[in-house]
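Chemist: Handing you this structure, nothing more for now.
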Amino acid sequence: MTAHSPGAPGSVERGRSGTTDVVLRAGAPSWLTVPHLLGSAALTALGTGLLGLALVLPVAVVLLFSGAGWATVGVVALWMVSAAVAAGFAGALAVACFQVYRLRFSAAGDPPAVRLVRGLGSGRWRLVEEPDRLRLEQEIEEPYAGDPLPATHVLTLRLIRDDSEVCRAVLPPDTDARRLLAALEQALGRTVLLELHVKRTTRPAPRHGPGPRNRGRVGSSGIGISGAGGYSCGGSSGCGGGGGG
């Protein structure tokens, strides 16, 4: 598993003012990213427009068989394609503007607080309270005996407040969960509670002939907690930890 370069998802960065950024997605709020956002939204709009154009044909056939003229068919077709393009463009632009790119934590010495950095800019600071926590959830699917395919890893980072999920992001598959947890612990200290949940399963082997499907083996989950003096993992999750700051 590799260490990510600055600005890459799964990295931890220190700001000029002493703040700490946890990067969830590539990109950051800036006027320089506006052309990229518009271009991405335009591509999505093109796709939805082609989908709307594909739906025009059966609608046109129904209208023609019902006695409508070509002018009516043309108006309906134009309306359907325009609506599909507008919906695709607006939806893609809204997602790009409102999705969370980074979690920004206050500088050392300031009251512990966090703010969400979205495509439209940074939100307001919110104090970090005791129930708030960052949770890393790693799901490892191991191959069955004789499976030529390698194990798969899915790592999800969640910000949880009052037992409700504020935001989440799936990090790149080559992100090292334990290394990221150690980096978070070093950068954030006791600012926020950190958790590591590890779940291991075995990929079900294919079956030939009738019979119940083999769903594979589900291993025990490990839970690591940091921010209060290190972390450890229970069960047979295979993860370990270091001492806290």
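Chemist: Does segment 36-156 classify as rounded, prolate or oblate by the C-alpha gyration tensor (a ≥ b ≥ c root eigenvalues; a/c under 1.5 gives rounded; else a/b over b/c gives prolate, otherwise oblate)?
Modeler: oblate
Chemist: Just to confirm a number: summing +1 for Lys and Arg and -1 for Asp and Glu over residues other than D147 whose beta-carbon lies under 12 angstrom from that of D147, what do you get?
Modeler: Local net charge: -1.
Chemist: Also: Where the only charges are on Cβ atoms (+1 Lys, Arg; -1 Asp, Glu), what is the dipole of segment 48-150 about its Cα centre, to the nearest 20 debye?
Modeler: Computed about the Cα centre, the dipole is about 680 debye.
Chemist: Please list L57, L184 from largest to smallest accessible area, probe radius 1.4 Å, with all protein chains kept in place.
Modeler: L57, L184
Chemist: What does the charge count near A8 come to, summing +1 for each Lys or Arg and -1 for each Asp or Glu among other residues with Cβ under 14 Å from its Cβ?
Modeler: -1
Chemist: In terms of modelled amide H atoms, which long-range or inter-chain residues lie less than 5 Å from the amide H of L196?
Modeler: L136, G224, I225
Chemist: Using Cα pairs closer than 8 Å and at least 6 residues apart in sequence, work out the relative contact order for segment 93-138, in percent.
Modeler: Value for segment 93-138: 29 percent.
Chemist: Here is a further query. Mind listing the phi-derived Karplus ³J(HN,Hα) values for segment 133-142, rounded to whole Hz, using 6.51, -1.76 and 1.60 with θ = phi - 60°, and x for any glycine or proline?
Modeler: Here the 3J(HN,Hα) series is 7, 9, 10, 9, 10, 10, 10, 10, 9, 8 Hz.
Chemist: Relative contact order (percent) for segment 39-184, with alpha-carbon contacts under 8 angstrom and 6 or more residues of separation?
Modeler: After rounding, I find 15 percent.
Chemist: Under the 0.36 nm per residue contour assumption, what length would be gained going from the current alpha-carbon distance of A8 and C167 to full extension?
Modeler: 55.5 nm
Chemist: Right, here's the next one. Less than 13 Å Cβ to Cβ from D163, Lys/Arg counted +1 and Asp/Glu -1: what total charge do the surrounding residues give?
Modeler: Charge balance in the 13 Å sphere: -2.
Chemist: Provide the percentage of antiparallel DSSP beta bridges, counting only those with both residues in segment 121-206; round to the nearest 5.
Modeler: 60 percent
Chemist: With every protein chain in place, what's the accessible area of R158 (1.4 Å probe, Å², nearest 10)?
Modeler: Rounded to the nearest 10, that gives 40 Å².
Chemist: Here's a follow-up. List every residue whose amide H lies under 5 Å from the amide H of R118, counting only residues 5 or more places away in sequence or on a different chain, with H placed 1.01 Å from N in the peptide plane.
Modeler: Here the answer is Y101, G123, since their amide H atoms fall under 5 Å of that of R118.
The values are calculated or read from the model by the stated rules, or taken from the named source; none is laboratory data. Here the structure is a predicted model, which is why all the values come from computation and not from measurement. Here the Cβ is made from the backbone with ideal geometry for all residues, glycine too, and neighbour counts use every protein chain on show. These accessible areas exclude ligands, DNA and RNA; they are computed on the full protein's heavy atoms, side chains included. Shrake-Rupley method; radii C 1.70, N 1.55, O 1.52, S 1.80 Å.
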